[in-house]
Amino acid sequence: MRKLVLATAVAVSALVAAPAFAQDASYPSTTDTTYGQTTTTDTATAPDGTKAFGFDPYFAIRGGWEQFDSESNSAGIPQVDRRNKLNGSLVEGLVGFNVPLNAFFIGAEGNVAKGVSGDIDWQYGAAGRFGFRAGESGLFYGKVGYQWVNFDKRVNTDRDFDDVTYGVGFEVGPKDIGLGGLTGNAGFRLRGEVSSFGWVHSFRPTLGIVTHF
């Protein structure tokens, strides 16, 4: 419970800090004197040419694989044979939002995953993200949150195991991967991530597609 409270506090603190950061940031501007009237327009932009500050909701679908270590851990997952570790492939859906802060961003997301082979039945959780924006619609980020996992028949229990989750990842937009910006700044992005259940109690690479509301 203390870990869940800590992860939630980190995400909430980041979101509370966002408006203050945006308010303190300076906005470059241009002056238009057409027809004898002076009009000043904010022109602050992020590296991809979009607005420097805003609200960016998204959803994503991705696939991946996860292997847990063989040792028992604080989450309660029992020890298994080193030669036959708990693992499985999965398909996952995510819903979340980003808050762009000039060249940086923060955000939060929730996930639900279904195992399609191996020992994993269901997973679900929530996490906060933070990182920086690069190139044309690119993102590099770290994340921390809380994750639940439910195994299939090999683990003789039907209750969830839960622990803090950590991860790092990237997103690249259409121009970054050579598509010439076909879908625009708010189109699809390719997302890759590596995360872990607890403090390196699993290895979980995923790859998928992100799009925006």
Let me cross-check L101: its accessible surface, 1.4 Å probe, with only protein heavy atoms counted, in Å² to the nearest 10? 10 Å²
Net charge within 13 Å of V116 by Cβ-Cβ distance, Lys/Arg positive one each and Asp/Glu negative one each, not counting V116 itself? -3
Taking the Cβ of N73 as the center, what net charge do the other residues with Cβ under 12 Å away carry, scoring Lys and Arg +1 and Asp and Glu -1? -4
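The values are calculated or read from the model by the stated rules, or taken from the named source; none is laboratory data. What you are looking at is a predicted structure, and each value in this text was computed from that prediction instead of being measured. So basically every Cβ, Gly included, is an ideal-geometry build from the backbone, and we count neighbours across all protein chains shown. Note: areas computed on protein heavy atoms with side chains; ligands, DNA, RNA excluded. Shrake-Rupley method; radii C 1.70, N 1.55, O 1.52, S 1.80 Å.
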